[in-house]
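Student: Starting off with a structure, shown below.
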Amino acid sequence: MRTLILVALLSLAACSVNSQYSEPWTVKAVGKTYEARDACLQRQAAPYAGDSADASSIGRIISANCQAETDALIASSNPHRDPAVTAAIRQDSDFRATGYVLKARGQNN
């Protein structure tokens, strides 16, 4: 009986393993490209601190200026080239860029 319980528990544990975490170098690469993208967005947002234009419009401009970093993030985190994932990362870049503009202006996002 104990053996049966042990086998059942091990089977359940194996089902819950996330394959992404079985490749730690992939997780590390995604983290580095994520940080590079965010650093670019933050750097690009600083000159717009005194600008009175719409923050979301500026955010899209900044996101476009950091296209290389965003593309690297997409490549590292979306190996199967799922268009929904690509669109979500691009939307996140716009959102984060807008947040960095607001932060540079001293506003809450």
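Student: Could you check the range 26-42 and list, in sequence order, the residues that are open to solvent by 50 Å² or more (accessible area, probe 1.4 Å) and among the charged types (D, E, K, R)?
Tutor: K28, K32, E35
Student: I need every pair where a residue in the range 71-96 that is of a type in the set (D, E, K, R) has its Cβ under 7 Å from the Cβ of a residue that is open to solvent by 30 Å² or more (accessible area, probe 1.4 Å), sequence separation at least 6 or different chains.
Tutor: Correct list of pairs: D94/R60.
Student: Please name all residue pairs, on different chains or six or more residues apart, with Cβ atoms under 6 Å, provided the first residue is in the range 43-70 and is open to solvent by 60 Å² or more (accessible area, probe 1.4 Å) and the second residue is among the acidic types (D, E) and in a helix (DSSP H, G or I).
Tutor: So the pair list comes out as R60/D94.
Student: Just wondering, is there one or more residues in the range 81-97 that are in contact with a helix residue (DSSP H, G or I) (Cβ under 8 Å, 6 or more places away or on another chain), surrounded by 14 or more Cβ atoms within 10 Å (Cβ to Cβ) and part of a loop (DSSP other than H, G, I, E, B)?
Tutor: Checked the range 81-97: no residue is in contact with a helix residue (DSSP H, G or I) (Cβ under 8 Å, 6 or more places away or on another chain), surrounded by 14 or more Cβ atoms within 10 Å (Cβ to Cβ) and part of a loop (DSSP other than H, G, I, E, B).
The values are calculated or read from the model by the stated rules, or taken from the named source; none is laboratory data. Only a predicted model underlies this, so the values are computations on that prediction, with no experimental measurement involved. Every residue, glycine among them, receives a Cβ derived from its backbone with ideal geometry; neighbour counts consider all protein chains shown. With ligands, DNA and RNA removed, areas are computed over all heavy atoms of the protein, side chains included. Shrake-Rupley method; radii C 1.70, N 1.55, O 1.52, S 1.80 Å.
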